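> This is the structure I want to talk about, given as structure tokens.
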């Protein structure tokens, strides 16, 4: 990540915060487990690895505003998960809400669409460098699935190259052979190469010459449970050249990083052009919409695919997306995310050093990933995270975080203070750890 | 369908309606084709067969309320497509909007869910006969995909039985071999049997003994371009018995018919119990949410599957769903749909007879399907549909229709008047057709 030389904030004396407790969250979860498989599923659930240690986390929220949410026990959090991405402007952003409400008074899901769908497509074509067109759906996975189907339809080839550690949603084709409910047939045409290894890609393309439809990848590796990895100098440019040489469709999955690094797309940020690019989370500040964008030469292939959904032409999320992109552009949100993400991670590392720990931050500052060094069991890191959460800083253990535009320098500094207190507690508990 | 002996409304003298024109729809579509593949995709698009003849249909709406919408040229329609299902209470239903707005003021997509998710799961378990639990997603296809993955995970078998003419969304596994972007591997484990043919099911189950994970079917055949077909007496009970004998998971795809026949589920309506049941369209009156419900013995299998999405815990659609189900229950909406659907189809058939045409209505009255008899080319039917649409009755040619709770007897009678006028015009144009 960018290691900007931000001034190191001196950590003054801290007022100890009483750790939060979660009786109402636990009671609600007991209800949930009766009527919902796992009680809460996905990242948000306590069965997901990111939440370890479970007992230190709240499970249900009651209200959210700006960069904060409140859990059902009334505890307040500065939230660095941002709904796992969608909260890009701040929860309940007034401009986005106003645009959505105005559209809701007119119409939402109707038998024929609103022209606001066209307005949004035009705005995306204007905003996103690789976009000659836009196709709207509901999940990030709807767009990654359409992308691989498009690559296959356009090339009449079967195989797809993935990058080791990938996540492109939950459709069977994007899962792994040993995952429950997934058939070997569904993943039989998946090839995997390491990230930042251009020779591995070259070998794979040559070995399967004429059989590879597409390569799908996140703009950089922001996976879980591993340090996030930025693209090496010239990597993407070499990938682009190889894809062109082999007639392979280059698909960027920008569901997680999209609109946080560069409104023109994360491919643009790293100096190359995708053929297809997938957006979801940050597209409409939480309103439910995703988009596949792409180049003109693939427009007919997309059109040829049978692909539709009950709510895909829903007008309210389109209105929210227009308001979101417009505001992100006006305030130059990506620059703000980089600045505040750098200030935060720099301050957190200093706070760790003050207690003789080494905190490693990786990935882009807008989506920073944290890990305590010399902690192969991950337990010390989890302890520190738990102490932060129980004092109002909502982070998770093994997933990247997200910055939103409602976050202020004061919030960041308060976060560093709380994190310092958490480091100090962990140090007292493990005086000999080094 | 139920051929209730509703009184035949005498058709009086009609005031001729000037056919609608669509210059602003056409202009917007020209914009759309530049930035969206196909301009408009899915059922709503003019490239979809249901819309033939294209020139007679509006393409973009500007406002919707109750049972009506207005297109961008200002033309008004009584809408029998209901957004292809989601409009179950009437567009912009005040109770649903109020519940959604109240929730939106609190929170929507947050890093941990609202307890309103649990409230909705509890309500579904209480309402839907086959539901011991509920799992929420965004598309109908998310729930059919989770259903077949669950069947496979629970049985450790691969094959899925489909019913000829099926539609279960657009995921590759649910498409056909010759569809663009679909691999033979993805549909290699699909078996197909005819509807209402219990011997065919028995043979298939015996032929592939120990290999079939699940059977997925709509509660009755409400496919496109064919008369819709209700289950034969005892059919579903025999299917249920065979599935039990062979350890096959019985999945009902109630995405289209759900909550229009019976709030307890269309399986309950036809006197059997599904193991898994899929809901989407009518669940929240257009707010974007879907649900897979099922029996306790499959809860662990569902929990074992990696399945999540960016907006799946979105709270506002949950609030809308609770308000929708509560109101559907209070007004006994399914009874109203059956009554008005019967009044409408009976009246339409009379109107056809008055001009010496035979109109065939099939399927359940709440989701009636129409076809003109003695019209194998389908062109006469399309002509009649076009004349209806251009006079303010929004129906389509080869897709079932939908009744919503805002529809009144007056609307139905006005519809029959307009349809009569359309039959009369078609008869004048084709005086010798019989």
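> How large are Rg and Dmax for the protein assembly as shown when only the alpha carbon atoms are used, in Å?
Values for the protein assembly as shown (Cα only, Rg and Dmax): 27.6, 99 Å.
> What angle do you read, to the nearest 10 degrees and between 0 and 90, between the alpha-carbon axis of helix B:198-207 and the longest principal axis of chain B?
It works out to around 40 degrees.
> Once the convex hull of the alpha carbons of the stretch A:107-330 is built, what does its volume come to per residue, in cubic angstrom?
About 128 Å³ per residue, rounded to a whole number.
> Gain in length, residue A:27 to residue A:54, computed as 0.36 nm per residue apart minus the alpha-carbon separation, to one decimal in nm?
Computed gain between residue A:27 and residue A:54 is 8.3 nm.
> Against the longest alpha carbon principal axis of chain B, how many degrees, from 0 to 90 and to the nearest 10, is the axis of helix B:94-106 turned?
Tilt relative to chain B: about 50 degrees.
> Say R0 is 51 Å: what FRET efficiency, to the nearest 0.05, do residue A:273 and residue B:211 get from their beta-carbon distance?
0.65
> Sort all Cα-Cα distances of the stretch A:326-407 into consecutive 10 angstrom bins from zero, then give the percent of pairs in each bin up to the one containing the longest distance.
In whole percents, the pair-distance histogram is 18, 48, 25, 8, 1.
> OK, next. Could you rank the peptides A:366-372, B:262-268 by their average count of other C-beta atoms within 10 Å per residue, with the highest value first?
In decreasing order of mean packing, A:366-372, B:262-268 become A:366-372, B:262-268.
> Partner chain Cβ atoms within 10 Å, averaged over the residues of A:76-87 - can you pull that number for me?
Per residue, the number of nearby Cβ atoms from other chains is 4 on average.
> Starting from the Cα of residue A:126, step 7 Å toward the Cβ, then list every residue of the stretch A:285-324 with an amide N under 14 Å from that point.
A:322-324
> Let me ask something else. Translational diffusion coefficient, Stokes-Einstein: compute it for the stretch B:279-434 using the Kirkwood radius over C-alpha pairs as Rh, at 25 °C and 0.890 mPa s, and state it as an integer in µm² s⁻¹.
Taking Rh from Cα pairs, D becomes 135 µm²/s.
> If the label for residue B:427 sits 7 angstrom from Cα along the Cα-to-Cβ line, what are its distances to the same label in every other copy, in nm to one decimal, shortest first?
Copy-to-copy label distances at residue B:427, shortest first: 9.4 nm.
> Rounded to the nearest 500, what is chain B's calculated 222 nm mean residue ellipticity when only DSSP H runs of at least 4 contribute -39500 (n - 2.57) each, over all residues?
Estimated from H runs of four or more residues: -11500 deg cm²/dmol.
> Taking the label point 7 Å from Cα in the Cβ direction, how far apart in nm is residue A:98 from each other copy of itself, listed shortest first?
For residue A:98, the inter-copy label distances come out at 2.6 nm.
> To continue, here is another question. Which whole-number value in Å³ per residue fits the convex hull of the alpha carbons of chain B?
Measuring per residue, one finds 153 Å³ for the Cα hull of chain B.
> Regarding the stretch A:87-148, what are the three Cα extents along the principal axes, ordered largest first, in Å?
Cα spread of the stretch A:87-148 along its principal axes, largest to smallest: 36, 32, 23 Å.
> If you don't mind, there's one more thing I want to ask. Taking 25 Å as R0, compute the FRET efficiency from the Cβ-Cβ separation of residue B:336 and residue B:76 and round it to 0.05.
The computed FRET efficiency comes out at 0.65.
> If the chain between residue B:373 and residue B:17 were fully stretched, how many nm would it gain, using 0.36 nm times the residue separation less the Cα-Cα distance?
Result for the pair: 125.6 nm of gain on full extension.
> Using only Cα atoms, what Kirkwood radius does the stretch A:211-257 have, in angstroms?
Here the Kirkwood hydrodynamic radius works out to 11.7 Å.
> Taking each residue in A:63-71, count the Cβ atoms of any other chain within 10 Å of its Cβ, then average. What number comes out?
Across A:63-71, the average partner-chain Cβ count within 10 Å equals 3.
> Assume the label is 7 Å from Cα along Cα to beta carbon: what separations in nm does residue B:329 have to the matching positions in the other copies?
Ordered by distance, the counterparts are at 4.6 nm.
> Hey, what angle do you get for helix A:116-127 against the long axis of chain A, alpha-carbon based, 0 to 90 degrees rounded to 10?
80
Values in this text are rule-based calculations from the coordinates and carry no lab data. All of these numbers come straight from a predicted model, not from anything done at the bench. For neighbour counting, all protein chains shown are included, and Cβ atoms are generated from backbone atoms with ideal geometry for every residue, glycine included.
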